[in-house]
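*Asks:* Input: one structure, supplied below.
What follows is calculated from the coordinates using simple rules that are stated; it is not laboratory data. Note that this is a predicted model, so its numbers are computed, not measured. Don't worry about glycine lacking a Cβ; one is built from the backbone with ideal geometry, like all the others, and counts go over all protein chains shown.
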Amino acid sequence: MTTISVPLNIEAEKALKELIEITGTNRVAIVRKAIKHLREEEAINAVLRAEQEVSEGKLLRGTARGILQK
């Protein structure tokens, strides 16, 4: 398991302390959950970007070989 040190500004430190009080968990659990949430958010955004590209007609049609020959 990797250990990291992350400098927090005053606002982030205050938010972290509030989350500890609200959730009753520790810093590690909150940071792990934040990372998990960010990964999920990024996956959703990737799907939304792909859908947007499809709706804009930015997609490839055909076989891989045919596309590469163009």
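*Asks:* Taking the options A50, A64, A46, name whichever one is out of contact with any Ser or Thr (no Cβ under 6 Å at 6 or more places or on another chain), closer than 30 Å to S5 by Cα and of a type in the set (G, A, S).
*Replies:* Details: A50 fails: closer than 30 Å to S5 by Cα; A64 fails: closer than 30 Å to S5 by Cα.
Just one listed residue meets the conditions, A46.
*Asks:* Taking the condition of being loosely packed, with under 10 Cβ neighbours inside 10 Å and aliphatic (A, V, I, L, M), how many residues in segment 49-66 meet it? Walk me through how you get there before you give the answer.
*Replies:* Step one: list which residues in segment 49-66 are loosely packed, with under 10 Cβ neighbours inside 10 Å, which gives 55-61, 63-65.
Then drop every residue that is not aliphatic (A, V, I, L, M), which leaves 59-60, 64.
Count: 3.
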